[in-house]
Every structure is written in structure tokens, then in C-alpha cells.
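**Student:** What follows is a single structure, and I will ask about it in a moment.
The values are calculated or read from the model by the stated rules, or taken from the named source; none is laboratory data. These numbers come from a predicted model, not from an experiment. Positions of Cβ are backbone-derived with ideal geometry, glycine not excepted, and every protein chain shown enters the neighbour counts. Side chains are part of the model used for accessible areas, which takes the heavy atoms of the whole protein and leaves out ligands, DNA and RNA. Shrake-Rupley method; radii C 1.70, N 1.55, O 1.52, S 1.80 Å.
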2 protein chains.
Amino acid sequence: MGTVTKALSLLGLFSHARLEMGLSELTRLSGMNKATVYRMMSELQAAGFVEQLDGDRAYRLGSELLRLAALREAAVPLLSVSREVLRHLCEVTGETSHMSLQRDGRLTTLTHAYSSRHGTRVAMEDAEILSFHATGSGLAYLAFAAPGFAEEVLSGPLTRHTPETETNPDRLRAALDEARRTGIAESVGGFEADVHSHAAPIFGPDQTPIGALAVAAPVSRMTPELKALIRAEIKSSALALTQRIGGFCPASYPA
Amino acid sequence: MGTVTKALSLLGLFSHARLEMGLSELTRLSGMNKATVYRMMSELQAAGFVEQLDGDRAYRLGSELLRLAALREAAVPLLSVSREVLRHLCEVTGETSHMSLQRDGRLTTLTHAYSSRHGTRVAMEDAEILSFHATGSGLAYLAFAAPGFAEEVLSGPLTRHTPETETNPDRLRAALDEARRTGIAESVGGFEADVHSHAAPIFGPDQTPIGALAVAAPVSRMTPELKALIRAEIKSSALALTQRIGGFCPASYPA
DNA sequence: ACCACAGGTTCATATAATGAACCGACAACG
DNA sequence: CGTTGTCGGTTCATTATATGAACCTGTGGT
């Protein structure tokens, strides 16, 4: 493994649970030598990818990432377009909506929007890792990903996030078939209790899914009418998003 | 220079003018060996920091940057708080507002907001490099930065961006004194013709400036009344932003 | 047919990464 | 009040890794 890859893997250790970490923690989690980690963190710091807190000596992600992300947005306006689409989805459904992207076998939420219609709402965090088998977004992605990928996930260990999490591979396969037929996947309380999520895949230029668009509502509010509304809106929104970022739906995606 | 630093410096070659680049261009700009650049770009690609276009083989910044930026936002909600502040600034002034951050001797815009009040407005791009001596933001930063830094900038070459750009060090020093007195810096047409910008510094936890908040209006709309409004609003907004990100104004900053 | 330039690859060489041991500072503890 | 453990950071001989000149291969222009 190259030095650069190792250094960048250090950035991957940060998460919501670990927004800042000391040298020892980074060393432990990475399994690398302390001196190595120290030198790499120093280089990352010089480049602005991490910064060190004055009082504590803990590291956290740096502001250069914001600059590069803004530049990436200038090249591919995924976030800004998504935010428009999410805002619309929220307004018409009255529920929380979010967008997630697949990278390196993980599905991560990137941005979200809330509706102010109800006092209660499903809360979201950006940069959270979604489960493939237990979320609407994950199922929507799997349903249209390369067949091997879905099977790989289904044959692996399927975490039971809540008592309601579906972990039976056959029933999950049936859910994927259903999603392929309708273009929309559902998950009820599989990832977080009392959350009913609908999702549709977003496609890239090569007609493969790159992520998903989802609407998450409390199960208590899910009526047949709301369901129908969400399904209609999420489908047109996902389609619009795919098109606006230069992607194409595959022929197999139901119109 | 370490390998990691070299690899990360490749990311710094991307800009609005160069949103995507081929291997040769990266090699030329970086001054490194082609094989070296190739291997580094491959590692960066594997980590999701850059991606390669199918048809063309050009590289562009990758989506992992969005994920890490979202995580950075979770640690320090600079962008999200800024966007709220900018939105308010736009609404009360009716003009374009933006926020910029200093990193490695460069001031870079990170986010902006437009007002819909007027048909014409000052247009902005995120991740654009601002001139220290020719923008309100730059002057606001310099006025409260370490004294040595301002002198270093003033003694260096001062680019003439427009015919109106002030390049006389003594008159710039006077402008900085004025900014120190009032807490607000101004630049009229110094960076882009017909743009009048007001700016106030944003401070970090150590009472040193980390960036600036600015309002940019067409010179033709700049009346004494608008000026007074902008000055009042930008000052309270910058103060609010500083406080909400855990920063502190130095004692020298006029209240 | 030719040239120039593109992206990508090879392999001997040289340079930069590595890791065990070490340092000083700090906090907890009997 | 010394002992112990952990922290961030540093050193330097050893070794693994990065490097770069040269070489493919494909493409577009003339």
C-alpha cells in the first residue's frame, strides 16, 4: 500500500462518533506505527486537511476540505442541485428528505432537508453511513446496482439495527424485485425505529446507480395517501436529479 | 518534501480555470515526473479524492471530498452558520454577500448568497482566490492580522486587477488604519470593475482573524443610506458569526 | 508515412518511509 | 512522594518505497 493511501486512510477514521482524535487514538485505530501516523498527520496538517486544537492536541478535519469540496461542486454541482430537489421534496411531502452517494462499498448521506410542516420529524446527519439492507436508500441502490454487488451484500452478515430489521436474504431479494418493478424501495423501521423511508436510485453517466434520494417519515404519519404522494414525487425528483447531473436511467428502470 | 505533501499539492492545481486536467497537464504544472504523477493520481483516485472521466481520461476532484467536508461541517459548522448569516445579510441589504477563509497565505471564498431584490447583482463563485490588497475582504483581514503579515503583502508585488486597483502601499496602509478604526474595510472597483465591497473580519478562538464576511454591490447603487445600512449589518453579522463558531474578537476590534 | 503528443508501464536506482526505543510532561494512585 | 501509565513528540539505523529515464501504444494532424 502506498504512503499516500495510508495517509488518506487516516482521514477515513474520522466519523460523527470521532470528530476529533488524538495521536494515540489514530495510531490504535489505524494499526500503524505512532511515528508514521505523526508524520502523516503533520503533512496532512500542513496541507490543511486536518487541524490541531490549541488546548488539547487533538486533530480534526481541516478547512481545506471545504475549499476543495466547493471546487468539486463547481465541476459537478451535485450538492447544490440536490439541495434544490430536496427542498422541493420536503415542501410537497412535508417530511424529511435526504440524498446519499455510494463510494467504496459504502452508502453515505451527503445532504438533507427538513420540512417545517410538522412538530415531529425524522432527524438526519450528513456524512452518515447507511446500511444497504436496512434502509430505503440502500435497497434502492442495490436493486439497480450490478447483480453481483447485491448478492455480495445479501450473502454477507446483515446487521440487525432494530428489532424490525429484515435480515432474511430471501425476503430482501423479494424486496429488491419489488423495487426493480416499481423503481422505488421501502424500509419500515429497519434502520431506526419508527422511521418509514421511501427511496429511488440516482444514476450516473454510465447508467449505473451512484446513490439514492429518499424521504423519511415517522411510521405514525404514513397513510396510503401520503405514501402515494411520496412515491410519485420521489420518482420524478430522482429522475430530475439524474438528468440535471448528466446521468441516464438504464432501460430497466420503470418509467 | 514528503510524498503525501506532493500528492496533496496535485489537488491544489485544480481551480475554476482548471476543473479537469489530463495527466500531461498535471505533470507540467506540478513539475514532477510523469510516472510519479500517474501513481499519485491513481492513489488519489482509489481514495475517491479525484475521479477519472470515462470518455476523456481527464481527472477531476472526487466525491469523497464532499463526504469529508460534510464531516468537517459536523465538527465545526462554519459553512452552515455562514449561510444563515449570509442569507440574512442579503435580505436586509438586497445585495450579494459572501464569506471567505484564509489558508496558507491565500484568501478563498467559501460560500455566498444572492438577493433577488434587484435585476442586476454582483456574481460570485465559491473557491475563488481573493486579492488581499484589492478586495474589502482582503483589507479587512489584513487590518487585524499579525502586523508582519500585512507588511509582507504590502511590500510584495501588488497586482493591478482593474484600472481602479489601489497599488500605492502608503494609501493602502491608510486604508488599513481606517479599517482598524471602524472595524470595516472597503474597496471600490479594485478587484472587479463596478463592484463596491464592504467587509468585516471573522475571528477564531485565538482572537486572530480567520477570514472575512463581505457585501458586494454595484457601484451605481451605492448611496450613503445603503452604505450606512451595510456597515451596520455587516458588523453585527460578522460579530455573530465569530461568536457562533466559538471565536473571539480581539480587544483592538472596535465595538 | 510521418511526427507529436497523449496516457500508461517498466525496472534499476536512490530517496524517503519506517519503527523500536527514547524523551519530557502530565495525571492517577497507593 | 516515588511509581506507573499514557500522552504527544522525536531520533536514527534499517529497509521498503518512491522515483525517473526510457519505452510502449494509440490517436490526430499533415
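**Student:** Taking only protein heavy atoms and a 1.4 Å probe, what accessible area per residue, in Å², does the protein assembly as shown have with all protein chains in place?
**Tutor:** On the way: 22000 Å² over 510 residues.
I get 43 Å² per residue for the protein assembly as shown.
**Student:** Ok, one more. I need the P(r) histogram for the protein assembly as shown: all alpha carbon pairs, bin width 20 Å from 0 out to the longest distance, whole percents.
**Tutor:** Values per bin, smallest distances first: 21, 51, 26, 2.
**Student:** Moving on. Mind running the shape call on the stretch A:3-66? Use the C-alpha gyration tensor, a ≥ b ≥ c as the square roots of the eigenvalues: rounded below 1.5 for a/c, prolate if a/b tops b/c, oblate otherwise.
**Tutor:** Working: a/c = 1.32, a/b = 1.15, b/c = 1.15.
Cα axes put the stretch A:3-66 in the rounded bin.
**Student:** Please report the carbon-and-sulfur percent of the accessible area for the protein assembly as shown; probe 1.4 Å, protein heavy atoms only, DNA, RNA and ligands left out.
**Tutor:** That fraction is 52 percent.
**Student:** Ordered shortest first, which distances in nm separate the 7 Å Cα→C-beta label point of residue A:192 from those of the other copies?
**Tutor:** 3.9
**Student:** Separate question: Under 37 °C and 0.692 mPa s, how fast does the stretch B:104-255 diffuse according to Stokes-Einstein, given a Kirkwood radius computed over C-alpha pairs? Answer in µm²/s, whole number.
**Tutor:** Details: Rh = 15.5 Å.
Estimated diffusion coefficient is 212 µm²/s.
**Student:** Here's a follow-up. Rounded to whole Å, give me the distance from the Cα center of the stretch A:66-138 to that of the stretch A:34-58.
**Tutor:** 30 Å
**Student:** Wrap a convex hull around the Cα atoms of chain B, take a quarter of its surface area, and give that in square nanometres.
**Tutor:** 15.4 nm²
**Student:** Right, next: Report, for residue A:219, each distance to the same residue's label point in the other copies, shortest first and in nm; define the point 7 Å along Cα→Cβ.
**Tutor:** 6.5
**Student:** Something else now. Distance between the C-alpha centers of the stretch B:151-183 and the stretch A:146-185? Whole Å please.
**Tutor:** 62 Å
**Student:** Additional query: Which of B:184, B:115, B:197 sits farthest toward the positive end of the charge dipole of chain B, with +1 on the Cβ of Lys and Arg and -1 on the Cβ of Asp and Glu?
**Tutor:** Checked the options; the winner is B:184.
**Student:** A follow-up question, please. Taking the axis about which chain B rotates onto chain A, which residue of B lies nearest it as judged by Cβ position, and how many whole Å separate them?
**Tutor:** With distances in whole Å, chain B gives B:69, 2.
**Student:** If all Cα-Cα distances of the stretch A:164-243 are sorted into 10 Å bins from 0 onward, what percent lands in each bin, rounded to whole numbers?
**Tutor:** In whole percents, the pair-distance histogram is 18, 47, 31, 4.
**Student:** Mind checking the angle between helix A:34-46 and chain A's longest principal axis? C-alpha axes, 0 to 90 degrees, to the nearest 10.
**Tutor:** Relative to chain A, helix A:34-46 is tipped by roughly 70 degrees.
**Student:** Can you tell me which aspartates and glutamates have their Cα less than 13 Å from the Cα of residue A:235? Leave out same-chain residues fewer than eight positions away.
**Tutor:** In chain and number order, the partners are A:186.
**Student:** What are the nm distances, shortest first, from residue A:129 to its equivalents in the other copies, labels at 7 Å along Cα→Cβ?
**Tutor:** 3.7
**Student:** Could you work out the mean projected area of the convex hull around the alpha carbons of the stretch A:74-137, in square nanometres to one decimal?
**Tutor:** Dividing the Cα hull surface by four gives the mean projection, 4.9 nm².
**Student:** Which of the lysines could a cross-linker bridge to residue A:34, judged by Cα under 24 Å and excluding same-chain residues fewer than eight apart?
**Tutor:** Correct list for residue A:34: A:6, B:6.
**Student:** State, in square angstrom and to the nearest 100, the accessible area buried between chains A and B, both chains counted, probe radius 1.4 Å.
**Tutor:** 4300 Å²
**Student:** If you average 1/r across every pair of different Cα atoms in the stretch A:1-143 and take the reciprocal, what Kirkwood value do you get, in Å?
**Tutor:** After inverting the pairwise mean of 1/r, the radius is 17.4 Å.
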